[in-house]
Each structure stands twice: as C-alpha cells, then as structure tokens.
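**Q** A single structure is presented below for examination.
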Amino acid sequence: MSVHEISPPVERQTFRDAMSRLGAAVNIITTDGPAGRAGFTASAVCSVTDSPPTLLVCLNRSASVWPVFRDNGYLCVNTLASGHEDLSTLFGGKTPMAERFLAARWHTLTSGSPLLDGALVSFDCKITQVVSVGTHDTLFCEVLALVRNEEPHGLAWFDRGYHHFSRQEAR
C-alpha cells in the first residue's frame, strides 16, 4: 500500500492556514474599459515567462469584479510599496469602487487600465488566456508596458499580516 492510498485529503482550512505561511508581494489589480472600472487586492500574482513577458493573476469567479475584468480583457498589476497598507485594505474590502479609486492618484499607459502613482512597479497587460481551476480563474496576462519606481521599500503579505521589506544592493 502506498502512502498516497492511506493519506486523508487535505482539508480546505488546513490548506488555507498553510498558504498563510507563503509570503507574497501585495498588488492592486485594476482595469478600465467598456465594462467599467474595477480593482481588487491580490497576492496571487506570478511571473510566467519573459518571452513574451507574461504574468498570471488569480481571481475568484464569485468576486463582484470578475465580470468587469473578463469583459474588459486588459488589466494592470500594481505592486505596492511600503505605506500602501490602507490602500490595500480598501481595495480588498467591500468599499464602493469609486471610493477606492479616489484614495490614490492614477494614470494610464497602453491598455487604459489605472496605474497607481508610487507603486513599486506597474505591469500594463492584455489578458491572453483564462484557465479555470476550482473556484478561481487564472488570467495569463501579456505585459504591454511597465513603469518602475525606485522606492526601496516594498510591502509583503505573510501570516495574515503586512510586512515591509527593503531592496538590497546586488551582490
């Protein structure tokens, strides 16, 4: 008998508790277009490839913003700097969308999606593929343009709380 046959399935809460130990950058994902303007806070963002430059973003299909992102087809990944905790919380809650965007300064590049002034980096993207897994869609996003900020202090989410980190000089 293999260990796989006798192991009980991993329970949802056990998995969520374990994932809280996986530190990640904090991002505000935004879109604007024919379906409207929307944004949400996410840590489920990752690089896929640099040829063509592509990121993935995970979004729960039950989220109120999901149809807006699906229908617009473009988004911006804004990676937050230290000091953006309140903005992250605002975009992660139930605050009306217009109020979320009034809390910061924004501009646009190629896609028309809002880029956050003062973000560590903003990736302006076109959604090129969507893969559904369980409750979420994984959005594969080709980077059309990006803006980098030299702010040295980033924001991470770890163990269900915000933490600051500093960029180190290359060794």
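The values are calculated or read from the model by the stated rules, or taken from the named source; none is laboratory data. None of the values given here were measured: they were computed from a predicted structure. Quick reminder, even Gly has a Cβ in these numbers, built from the backbone with ideal geometry, and neighbours come from all protein chains shown. Just so you know, the surface numbers come from the protein's heavy atoms only, side chains and all, with ligands and any DNA or RNA stripped out. Shrake-Rupley method; radii C 1.70, N 1.55, O 1.52, S 1.80 Å.
**Q** Would a scan of the range 88-106 turn up a residue that is among the hydrophobic types (A, V, I, L, M, F, W, C) and within 28 Å of Ala18 (Cα to Cα)?
**A** yes
**Q** Quickly run through the range 67-89 and pick out the residues that are in a helix (DSSP H, G or I), over 18 Å from Thr138 (Cβ atoms), of a type outside the set (D, E, K, R) and open to solvent by 40 Å² or more (accessible area, probe 1.4 Å).
**A** Thr89
Residues are listed down the side, and each one gets a yes or a no for (1) within 14 Å of the chain's Cα centre (by Cα); (2) of a type in the set (A, V, I, L, M); (3) more than 25 Å from Val48 (Cβ to Cβ):
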position	(1), (2), (3)
Asn78	yes, no, no
Cys125	yes, no, no
Gln129	no, no, no
Glu169	no, no, yes
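For (1) at pLDDT 95 or above; (2) touching a Pro at 6+ places or on another chain (Cβ under 8 Å); (3) within 22 Å of Asn72 (Cα to Cα), each residue gets a yes or a no:
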| site | (1), (2), (3) |
| --- | --- |
| Phe101 | yes, yes, yes |
| His107 | yes, yes, yes |
| Pro114 | yes, no, yes |
| Ser122 | yes, no, yes |
| Phe140 | yes, no, yes |
| Ala156 | no, no, no |
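**Q** Now a separate question. Taking the condition of being open to solvent by 50 Å² or more (accessible area, probe 1.4 Å) and either over 14 Å from His136 (Cβ atoms) or without any contact (Cβ under 8 Å) to a residue 60 or more places away in the chain (or both), how many residues in the range 30-66 meet it?
**A** Result for the range 30-66: 12.
**Q** Against the conditions (1) crowded, with 18+ Cβ neighbours inside 10 Å; (2) closer than 23 Å to Ser62 by Cα, where does Gln129 fall short? Just the number, please.
**A** Every listed condition holds for Gln129 apart from (1).
**Q** Also: So, in the range 132-154, exactly how many residues are assigned to a strand (DSSP E or B) and either open to solvent by 20 Å² or more (accessible area, probe 1.4 Å) or over 28 Å from Pro67 (Cβ atoms) (or both)? Quick ask: steps written out before the conclusion?
**A** We begin by selecting, within the range 132-154, every residue assigned to a strand (DSSP E or B); these are 132-133, 136-148, 153-154.
Going one step further and asking which of them are either open to solvent by 20 Å² or more (accessible area, probe 1.4 Å) or over 28 Å from Pro67 (Cβ atoms) (or both), we end up with 132-133, 136, 138, 140, 142-148, 153-154.
Looking only at that region, the number is 14.
**Q** Then there's this: Does the range 96-113 include one or more residues that are basic (Lys, Arg) and more than 25 Å from Gly161 (Cβ to Cβ)? Outline the logic, then answer.
**A** Restricting attention to the range 96-113, the residues satisfying the condition of being basic (Lys, Arg) are 100, 105.
Then keep just the ones that are more than 25 Å from Gly161 (Cβ to Cβ); that gives 105.
The answer is yes, given that some residue of the range 96-113 is basic (Lys, Arg) and more than 25 Å from Gly161 (Cβ to Cβ).
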